Amino acid sequence: MVVPSIISDNRRNLVLTLSVEVVERDLKNFCIFYWKIMSKRIGILEDCPGYKLDMFCIPKHYEEDLDHVLIPSGLINDRIERLARDICQDLGPQPIVALCVLKGGYKFFADLLDKIKQLNRNTDESIPISIDFIRLRSYADDQSTGKVEVLGADNLAGLKGKNVLVVEDIVDTGRTMEKLLNVLQEYQPRNIKVASLLVKRTTRSIGYKPDYTGFEIPDRFVVGYALDYNEYFRDLSHICVINEKGRKKYAKKD
């Protein structure tokens, strides 16, 4: 625990000072740093060891299948609150269609909309929101297949002329989102913004970045908070890194 020194000048202003070494040490301990202040992104350090499983409540049936907790649920909740505020400030009082990308995005979608509705009730300006759903399929086991199926796109004719907010769980290579955006553009929306809870830093990325990002994470396969591994782990509250035993246990059977 670091106790900052307090310096008082003649005008009785208090200045909190911490050495650069202490700041770097603490940031590494917490595994989180501000990736780019101007873009409001938060990144997880590449060599972040995460948090031990016994520090949190993990479902018994997953205890042996996870390596560590990468992002605790409380931190996810606080970050989503900030994203909701940013979205409301940027989009203003104009009506939006919030488009949930299923299945992995449902939890982030529900929590984000709850935060926006709270702001609608407690601020001078509010955003009318309608919702719709779409489903994408691009993963087998822990690898992107490179082929993207878009399910439910035949019901999106109502997007024409609308402001659309796409809510996704994770952007990996960016190819899936690029495919989706191309499909949505066919319906001639007024504009499209994308909010993704996670963005992976990976050499396979095509360079796509969403408009709103919760966390940038190392290139690890993560589960929990509705992110799955072959439909398992959606019932896990925290975002965790799966271990090799878990990969083998829940791999698709031929």
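The values are calculated or read from the model by the stated rules, or taken from the named source; none is laboratory data. Here the structure is a predicted model, which is why all the values come from computation and not from measurement. Cβ sites come from the backbone with ideal geometry, for glycine too, and all protein chains shown count toward neighbours. SASA here: full protein model, heavy atoms, side chains in, ligands and nucleic acids out. Shrake-Rupley method; radii C 1.70, N 1.55, O 1.52, S 1.80 Å.
Here is how the numbers come out for the structure above:
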read-out: Residue-span extension gain [residue 232 to residue 135] - 0.36 nm each, minus C-alpha spacing; value: 33.2 nm
read-out: Filter on 103/253; 179/200; 200/248; 52/245; 103/200; 52/253 - keep pairs with C-alpha separation over 27 Å; value: 52/253
read-out: For residue 44, distant residues with modelled amide H under 5 Å away; value: 216, 217
read-out: Cα→Cβ-extended label distance, 7 Å offset, between residue 243 and residue 47, nm; value: 2.2
read-out: Peptides ranked, highest mean first, by Cβ atoms within 10 Å: ranges 220-228, 94-102, 128-136; value: 220-228, 94-102, 128-136
read-out: By average C-beta atoms within 10 angstrom, highest first, the peptides 201-212, 230-241; value: 230-241, 201-212
read-out: Computed E for residue 187/residue 209 - FRET, C-beta separation, R0 25 angstrom, nearest 0.05; value: 0.65
read-out: Taking the stretch 107-254 and dividing mean pair separation by its residue count, relative contact order in percent (alpha carbons under 8 Å, at least six apart); value: 18
read-out: Label-point gap, in nm, between residue 219 and residue 64 - each point 7 angstrom along Cα→Cβ; value: 3.1
read-out: The stretch 170-224-the stretch 89-107 distance, computed between alpha-carbon centres (Å); value: 14
read-out: For residue 117, solvent-accessible area (1.4 Å; no DNA, RNA or ligand), Å²; value: 100
read-out: Around residue 234: net Lys/Arg minus Asp/Glu count, Cβ-Cβ under 13 Å; value: -2
read-out: Debye intensity ratio in log₁₀ form over the Cα atoms of the stretch 156-254, taken at each q of 0.14, 0.23, 0.24 Å⁻¹; value: -0.63, -1.18, -1.22
